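The values are calculated or read from the model by the stated rules, or taken from the named source; none is laboratory data. These numbers were taken from a predicted model, which means no experiment stands behind them. Cβ placement follows ideal geometry from the backbone for every residue including glycine, while neighbour counts extend to all protein chains displayed. Protein only, heavy atoms only, side chains kept; ligands, DNA and RNA dropped before computing areas. Shrake-Rupley method; radii C 1.70, N 1.55, O 1.52, S 1.80 Å.
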Amino acid sequence: MASPFSDDAPSDEKLTGKLIPSSVASVANPALWLLGLFAIALFIRFTNLTAKAAWGDEVSTILFSLGNTSRMMPLNEVVSLDAFLRPLQVTASSTPLDAATNLLAENNHPPAYFALAHVWMSLLRPFVGLADGYASLWSGRALSAIFGALGVPATYLLAWFSFRSVRIGLLCAGLMAVSPFGVFLAQEARHYTLAILMVIASLSCFVLAFQALKKKATPSWTTMLLWVLFNGLSITVHYFCGITIVAEALVLLVLLIQHCREDGAAWRRAAWVRVYVAAVGTFVGAALWLPVLLNFYGSPQTTFLKTGVSSWKYWVNPLVQSLAGWLYAVLSPVTSGYSWQAVTVIVVSCVLVLGLYTPWLVWHWVRSLKFQYRQPALRPGLQAIGGFFIVANLLFLLICYGAGFDITRGHRYSFVFFPSILILVGAGIAAFLPSPVNEKLSEESLELRAVSIPFLNRSISGKAFIATVLCVGFLGSQVIVNNFTYLKFYKADRLIDLIQAESAQPAVIGASTFITEQPIVVGIEILSVGWEIQRRFNPAKDTQPAGQRWVAPPRFVMAETNPATGVESVSQLKQALSKLSTNYDLWLLTGFAPDLAEAGCEAPIAGNKGSYTYHHYVCSAKG
């Protein structure tokens, strides 16, 4: 099968005259190439799918998808590993309705993905072996991986609607297949890859509407109705999809203002009336979730992103983190390692990828994007997608600096505009594609057929440049799947290694939880530690090397503070520990560090491992 980007153009000296846009270029067997890219995306996303420890948010997703509730966890008593992990054990009688109901009672996410994941994991249960009735991390992550791979054909369609170019569509799909950020999200048991599909669907309708309005034509009712449908569904997957919708609306508002300057009656013409209908339909669909959002507003689940104005990080972090989020869409250096050899690799990787490759890529992308923007066939799509990307990021910064919530801190939230990055990168570097047979090139397009290499006084072909971009993206995806970089907040396996190494006595692992009148999930951070012990450090399986085996099976305690009932965590913890009859090492997580001298514990040693803050006590039994 011939390459869709094959360089079969005649020699440069024979090519003069008017430039023919690449949108008319033909590609042999695009469906087969798209299928191949989808297969590559699946392969990458399923590689080492369960190698990394599940972190708290994944634990939350899986326990609610099971139809369980975090309140199944025993509170205020020292219990065994199995008893503590009850929320992660299969409840045979649960239903998708249980998944949605329990989620809305405790968490701040809409229920569509969780109900769907419940069905998915139930279907896979006969085929995926369960360890002692526990949930399968593989099945939890596999659904996200499949949705992530489906982003490849979805991205192709968005690019096609934007530019009517098979070549650009396949290039954008290729970028999605190897995107490090896309792979990162696809290997988490979370709802972000489904949200990305919803964003792509909404953007596709937005682009079609924008292009019609730009030509002073009337968008079809089919486009408008699908737009309302996709917008409504997107809100049931993630509330931040609302930022996507608002950004689209603001771009259209700018276009409406331009039209009104040319024609004062433009706002009431049929084309814009259809947009208003879509806007009203979208607002009604979103407003249905307003009571749920208000119920969670101000809860610990919505305030953890709150930042203080007095810190310099308040002003710097959103900008730096936004830039990092953009770059992770197409590249990823090695950033994880602790030995001197690993640190050396990290330094070399960052210098090569961030110091040399990134400026080179950006420089040539900018000049090629300018060239593409001057092509009449491509300009409307670039205006729509580019305008959306700019406005969406301005909304992010407005939320950061205006409301004081740093939503750039969690890179995963950039799913809101992530597809637009790939479309803009793909459309820009598509100018370097070899030209089709009989295409006449301008002098400027001839200059884009070679890409200079800095410091070497050499050039490579446009085809080689694009291959380089895709290869660097693929290498970045391998950095992600092999755990050489880590965008998650917590690494339970590193903490568990420390607990095993430092505990000379049986280990008790604990934390505190604050029960409020507002919905809240109990103890997902410590649940993630317990689940990783059950998965890979299980004393019952005795698979650890002799030097890393548990002195005795670890036990757990979750101490509760509940102002409504007068329960206080320190007194509950002391009461639970008083019932222990043997000496023990106590590891308290999440900053919980009371004075336990009267409980027989020495002053703790504080530290941080795998992003878990811990306090290690050595305790003597009181009995």
What one gets for segment 468-590 as the Kirkwood radius, inverse of mean 1/r over different Cα pairs in Å, is 17.0 Å
With all protein chains in place and a 1.4 Å probe, W360 shows an accessible area in Å² (nearest 10) of 40 Å²
Judged on accessible area alone, 1.4 Å probe, highest first, R379, R164 line up as R164, R379
With a 19 Å threshold on alpha-carbon distance, the violating pairs from K574/K622; K313/K609; K574/K609; K579/K609 are K313/K609; K574/K609; K579/K609
Length-normalised contact order of segment 43-157, Cα under 8 Å, at least 6 apart, in percent, tallies to 30 percent
Checking rank on 227-239, 73-85, 253-265, 197-209, with mean other Cβ inside 10 Å and highest first, the result is 197-209, 227-239, 73-85, 253-265
With Cα coordinates, the longest principal axis of the chain makes an angle with the long axis of helix 192-214, in degrees rounded to 10, of 30 degrees
Nearest 10, in degrees from 0 to 90: the angle of helix 313-327 to the longest Cα principal axis of the chain is 60 degrees
Per its Cα gyration tensor (rounded if a/c is under 1.5, else prolate when a/b beats b/c, else oblate), segment 134-179 is best filed as prolate
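Can you sort T468, T513, T590 by 1.4 Å-probe accessible area, starting with the largest?
Output order, biggest surface exposure first: T590, T468, T513.
Order 473-480, 280-287 from most to least packed using the mean count of other Cβ atoms within 10 Å.
473-480, 280-287
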What helix-only [θ] at 222 nm does the chain give? Using -39500 (n - 2.57) per DSSP H run of at least 4, over all residues, to the nearest 500, the answer is -16500 deg cm²/dmol
Binned at 10 Å starting from 0, the alpha-carbon pair-distance distribution of segment 559-622 in whole percents comes out as 22, 49, 26, 3
Singleton cysteines, the chain, no second Cys beta-carbon under 4.7 Å -> C172, C205, C241, C260, C350, C400, C471
Relative contact order in percent for the chain (Cα pairs under 8 Å, 6+ apart) equals 20 percent
Beyond 20 Å, the calculated P(r) of segment 102-205 holds a percent of Cα-Cα pairs equal to 48 percent
Taking Cα atoms, the helix 30-46 axis meets the longest principal axis of the chain at an angle in degrees (rounded to 10) of 20 degrees
In Å², rounded to a whole number, the accessible area per residue of the chain with probe 1.4 Å is 42 Å²
Taking only the alpha-carbon atoms of the chain, the convex hull volume per residue, in cubic angstrom, is 181 Å³
Carbon plus sulfur, as percent of the 1.4 Å-probe accessible area of the chain, comes to 65 percent
Relative contact order of segment 230-288 (C-alpha contacts under 8 Å, at least 6 apart) in percent is 38 percent
Segment 466-539 and segment 166-221 have their Cα centres apart by a whole-number Å value of 31 Å
Distance in Å, no decimals, from the C-alpha centre of segment 235-266 to the one of segment 567-602 is 56 Å
Scaled by the rule-of-thumb 2.2 N^0.38 Å, the alpha carbon Rg for segment 20-135 gives a ratio of 1.50
From most to least accessible, 1.4 Å probe, no ligand or DNA/RNA atoms counted, C471, C241 line up as C471, C241
